[in-house]
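What follows is a set of notes on a single structure, which appears directly below.
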Amino acid sequence: MSNPKLRRTLYIGLGGTGIKIVKEVKKNFLNSSSNSLPSMVKFLCIDTNKGDLEGKNYEGPEKLTSLEKLHLSVYDPQATLIDGGTIYDWIPKSNRDSVIDIEGTGAGQVRSNGRFILEDSEIKHHAFSDRLDQLYNQLISITNNDPNYDLLPATNIDVHLIFSIAGGTGSGMFLSVANLIRRHIPKANLMAYAFAPSFFTSAGVNWNITHNAYGALIELDYY
């Protein structure tokens, strides 16, 4: 039998839901007949809570490598908020206390926290952009020398972005992340997979789920 033919592909998991799905995709490749990861497929998982990012990184063949995970957070949010002045006027007044409570942890199911974490400084943009550049350069340098998979001769790179519109990280970051992907991966075939609130009916913290999803959809419709 001939080898499966694959395009250059990048899977990006944003937040807890995105990470879970990307790890399942990675596991499925490892459980396939070839029992190996294709050289032309890369993975990246992004979260605002380092404990959750590492916690999801349990031992196993699908364990994330250092290149495949990226932690983004704000360690002095109150000072960042004050120094930013009017540039953070988009944060609802009711969420100001929640922003101040971030202190290096996750978005806490508040979508404005997720956006604030990515937008608080150019440092966050640089961290994510540098990782995208690194993965992009790896993908374009791939030649058809994989023993188990053949590379399809396509110039564009498929980027699959997986996230939830009901949590804090994915809901708050997905538009900014999509813009950075388009900026750093030329002619990317960007495909987004958004999980709806119904996926979280058994979530331990669910007071903000429908609000996040509605806000995310309104923002997406606007753009």
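The values are calculated or read from the model by the stated rules, or taken from the named source; none is laboratory data. As the structure is a computational prediction, the values presented were derived from the model and not from experiment. A quick note on method: Cβ atoms are made from the backbone with ideal geometry, for glycine too, and the neighbour counts reach across all protein chains shown. Remember, those area values only see protein heavy atoms, side chains included, never the ligands or the DNA or RNA. Shrake-Rupley method; radii C 1.70, N 1.55, O 1.52, S 1.80 Å.
Things to note:
- Meets criteria (open to solvent by 30 Å² or more (accessible area, probe 1.4 Å), in contact (Cβ under 8 Å) with a residue 40 or more places away in the chain and in contact with a Leu (Cβ under 7 Å, 6 or more places away or on another chain)) for Arg115: no
- All of (1) modelled with pLDDT of 90 or more; (2) closer than 20 Å to Arg182 by Cα; (3) of a type outside the set (Phe, Trp, Tyr) hold for Ala127 with one exception: (1).
- Tallying residues that are under 22 Å from Ile46 (Cβ atoms) and open to solvent by 50 Å² or more (accessible area, probe 1.4 Å) within region 72-105 yields 6.
Listed here are the residues, each with its yes/no results for (1) outside any loop (DSSP other than H, G, I, E, B); (2) at pLDDT 90 or above; (3) basic (Lys, Arg).
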position: Ile123; (1), (2), (3): yes, no, no
position: Tyr136; (1), (2), (3): yes, yes, no
position: Asp146; (1), (2), (3): no, no, no
position: Gly167; (1), (2), (3): no, no, no
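- Within region 202-220, not a single residue is of a type outside the set (Val, Ile, Thr), touching a His at 6+ places or on another chain (Cβ under 8 Å), closer than 30 Å to Asn31 by Cα and open to solvent by 60 Å² or more (accessible area, probe 1.4 Å).
- When Asn28, Asn35, Asn3 are checked against the criterion of being closer than 24 Å to Phe195 by Cα and either in contact with a Lys or Arg (Cβ under 8 Å, 6 or more places away or on another chain) or open to solvent by 20 Å² or more (accessible area, probe 1.4 Å) (or both), Asn28 stands alone in meeting it.
- Of all the residues in region 149-159, those that are crowded, with 16+ Cβ neighbours inside 10 Å and assigned to a loop (DSSP other than H, G, I, E, B) number 2.
- Scanning region 128-147 for residues that are closer than 14 Å to Ala188 by Cβ, touching a residue at least 60 places away in the same chain (Cβ under 8 Å) and either charged (D, E, K, R) or open to solvent by 60 Å² or more (accessible area, probe 1.4 Å) (or both) gives a single hit, Ile140.
- Test: residue in region 42-57 that is out of contact with any strand residue (DSSP E or B) (no Cβ under 7 Å at 6 or more places or on another chain), on the phi > 0 side of the Ramachandran plot and open to solvent by 30 Å² or more (accessible area, probe 1.4 Å): no
- Residues of region 90-106 that turn out to be of a type in the set (Gly, Ala, Ser) and not in a loop (DSSP other than H, G, I, E, B), as a count: 2
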